[in-house]
């Protein structure tokens, strides 16, 4: 049996199974991409339920178009109504240190030094300062903390 014959024999419930599998992938590998593919598979199954004689080529076309349209629509929606949270720095560890004060563990020389915070050594940037100076974190650039002298 050829691949074309297998695809031509697809029923609406095959798309629904594909939708469930894509949702499982979304749960195990989050990123809100497979979610839209799973929903598109369900919609394709519904279209096939209503139009059972639709060829497999058109089924894949419906699936692909609905996937692209739903992803674009979701991204536009998020731009117009961004998700707000009471803990914006939750998964951005360096941003959690903004406004806090620490003591330099390696002097800042030529604008670069280090500070030890909890169990991690962080690269810091700021004006040259000696080891033991109290600093305040004013911002971040990736994993580099921007600092100034405290007080």
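The values are calculated or read from the model by the stated rules, or taken from the named source; none is laboratory data. Note that the structure is a prediction, hence the values are computed from the model and not measured. Cβ coordinates were reconstructed from backbone atoms using ideal geometry, including for glycine residues, and neighbour counts include every protein chain displayed.
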Taking the range 102-125 and the residues there that are part of a loop (DSSP other than H, G, I, E, B) and either touching a helix residue (DSSP H, G or I) at 6+ places or on another chain (Cβ under 9 Å) or modelled with pLDDT of 90 or more (or both), the one that is farthest from residue 92 (Cα to Cα) would be 110
Considering every residue within the range 78-101, establish whether at least one is in a helix (DSSP H, G or I), closer than 30 Å to residue 133 by Cβ and free of Cβ contacts under 8 Å to residues at least 40 places away in the same chain.
-> yes
Among the residues of the range 126-144, is there at least one that is crowded, with 16+ Cβ neighbours inside 10 Å and in contact with a helix residue (DSSP H, G or I) (Cβ under 7 Å, 6 or more places away or on another chain)?
-> yes
Restricting attention to the range 1-44, which residues are under 26 Å from the mean Cα position of the chain (by Cα), surrounded by 13 or more Cβ atoms within 10 Å (Cβ to Cβ) and outside any helix (DSSP H, G or I)?
-> 33
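Taking the range 123-143 as the region of interest, how many residues are touching a residue at least 40 places away in the same chain (Cβ under 8 Å) and closer than 15 Å to residue 105 by Cα?
Here the count works out to 1.
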Residue 54 passes all but one of the listed conditions (1) in a helix (DSSP H, G or I); (2) surrounded by 13 or more Cβ atoms within 10 Å (Cβ to Cβ); (3) without any contact (Cβ under 8 Å) to a residue 12 or more places away in the chain; the exception is number (1)
